[in-house]
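Here the structure is laid out as structure tokens; the discussion comes afterwards.
Rule-based calculations on the coordinates, nothing more; no lab input. Here the structure is a predicted model, which is why all the values come from computation and not from measurement. Virtual Cβ from ideal backbone geometry, glycine too; neighbours counted across all protein chains shown.
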Amino acid sequence: MFHPIIDNTRIPADERDILPLVNPALGQPFDEFICASEEDVDHAAKAAARAFESWSRVAPKDRARILDDIAARVKDASEKLAEQITLEQGKPLDEARLEMSGVVGMFEHFAEMADTMPFSYERPGHGARRTIDMVPVGPVIVITTWNFPVETAAVHIAPALAAGCTVVVLANNDTPSSVAMLVENINEAGLPGGAVNLVMGASSKLSARLIKHPAMRHLSYTGSVNVGRELASQCGAEIMRCTLELGGNAPAIVLPGSNVEDVAASLISKRFWNAGQVCTAPNRIYVNRDQHDAFAAAAGEYARKLVLGDGSDKNTTMGPLANMERVRTMDKIAADALAKGATAVLNEPATQNKGFYSPPRVFANVPDDALGMAEEVFGPIACIAPYDDLEEVIARSNNCELGLSGYVYGPDQVEAEAVAARLQVGSVAVNQLTTAYIDVPFGGLKISGLGCVGGEAAVQEYLFPRLTATKS
């Protein structure tokens, strides 16, 4: 059984609600977790506030040493954490290990940031000695999501701690146990009691309670646009700062003369990574008309080789979805594409008779008004569409209220980069797949988010430039 953790203490069940943890590969409970009450949330906020009084005064170089210790402890526990991620989230174990490798890297990177960032500087002039100190804003709410449960916790916890802030984590109810294991490892590293707390349960009630609590000063959330809108509205009412990493509907443009087989393998591998439950995945794949059919065929061949199954099976290359609602959504998107004239390249039923499985599907000639093009799929469906000229495809790519990531592939690097520069997104990958790195800013334009994660910019989210002016 997994417990809320407040002030370094596991909170007992007593009369609190208890919910099951479900293995999506089997569709069956494998454990339980204790739901926090609204009073528990108050205690967590107060614990974070008490811890902030001491942690905020720790020198940045000393914070760096503790973050390095956290990184070492998380690295030692990575295999157990990866196994837990696979058990409760479903992704193949190798993908869970990759997630944990990234988490370790986050704590290592933000340890370096704490050690090397300038937290204070001076500006001469105006008859005063003016010192600007980058001071931590206060206790931070971190709300996780289920597709990368440990990563979406660490990507906010690590820079917040580097800045001198303390944290209350609200874990997603589909994947709270791996986050609980992360928090326990963090709390073994010499932080003051209450520096990192964990609650889970009635998410909307608990998040609203945390936002209204006078001790909390910032909210960081990774998840859907709809939830992000609601959280931002609540933060606005409290004049609370927030960092939001929200949804994506990434366009991918394949320029004429591209190597169809290589580019298809590249984009489709990213499309089906984590069973398509990735906000940066190429969602709308636009291929020049002369190569569209060949690309679609190559995409289908790649997807057909994926092995759908339990993530703990070493032969599995694509696991189940998070819950049955996601499976029904995939069926709806597939049916809509066919109804609107798309061509089914791969559209075979899942053979599993248990668990939350949705097979890899590939559709070509998908119109722009199909659900799979107009909305973020967030599942194992690839939607491919032809285009006739460059201006047309750039306009279609930018005709979207989301602007997180984008992709451009082409044989001429200069041309590909020129196309990439015209996409209205926060990050673009050109002739490769990575759109997010921990050491540089990552965020979205339009309604894909507020603020950034990654690099010095992530630490700055939790700092305020306070002026002290002294008579010279």
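Can you work out the Karplus-derived ³J(HN,Hα) for every residue in region 458-465? Use 6.51 cos²θ - 1.76 cosθ + 1.60 with θ = phi - 60°, whole Hz, and x for glycine or proline.
Once θ is set to phi - 60°, the couplings for region 458-465 become 5, 5, 4, 4, 10, 10, 10, x Hz.
If amide hydrogens are placed 1.01 Å from N in the peptide plane, which non-local residues have theirs closer than 5 Å to the one on C242?
L219
Please give the length that would be gained between A418 and A72 if that part of the chain were fully extended, namely 0.36 nm times their separation in residues minus their C-alpha to C-alpha distance (nm, one decimal).
Between A418 and A72, full extension yields an extra 120.4 nm.
At 0.36 nm per residue, and after removing the present C-alpha to C-alpha distance, how many nm does the segment from N323 to L26 gain when stretched out fully?
105.8 nm
Measure nothing but the geometry: give the 0 to 90° angle between the long axis through the Cα atoms of 225-237 and the longest principal axis through the Cα atoms of the chain, rounded to 10°.
30 degrees
List, in order, the whole-Hz ³J(HN,Hα) value for each residue of region 424-438 obtained from phi through the Karplus relation with A = 6.51, B = -1.76, C = 1.60 and θ = phi - 60°; use x for Gly and Pro.
8, 9, x, 8, 10, 9, 10, 6, 6, 10, 8, 10, 9, 10, 6
If we sort 418-426, 454-462 on the protection proxy, mean other Cβ atoms within 10 Å, highest first, what's the order?
Result, highest mean Cβ count within 10 Å first: 454-462, 418-426.
Output wanted: per-residue J couplings in Hz (rounded whole) for region 80-93, from phi through Karplus 6.51 cos²θ - 1.76 cosθ + 1.60, θ = phi - 60°, x for Gly and Pro.
Per residue, the Karplus-derived 3J(HN,Hα) values read 5, 5, 4, 4, 5, 4, 4, 5, 9, 10, x, 5, x, 4 Hz.
With a cut-off of 8 Å between alpha carbons and a minimum separation of six or more residues, what is the relative contact order of region 250-437 in percent?
Relative contact order here is 27 percent.
Calculated from DSSP H runs of 4 or more alone, at -39500 (n - 2.57) each and per residue, what is the 222 nm mean residue ellipticity of the chain, nearest 500?
After summing the helix terms and dividing by the residues of the chain, the value is -13000 deg cm²/dmol.
Between L445 and Q432, what is the spin-label point distance in nm, taking each point 7 Å from the Cα along the Cα→C-beta axis?
So the label points at L445 and Q432 sit 2.2 nm apart.
Would you mind checking the pairs K270/K354; K80/K354; K305/K446; K80/K270; K305/K332; K270/K332 and listing those with alpha carbons more than 28 angstrom apart?
From the list (K270/K354; K80/K354; K305/K446; K80/K270; K305/K332; K270/K332), the Cα-Cα distance tops 28 Å for K305/K446.
What aspartates and glutamates sit close enough to K46 to cross-link, taking a C-alpha to C-alpha distance under 16 Å and skipping anything fewer than 8 places away on the same chain?
D7, E38
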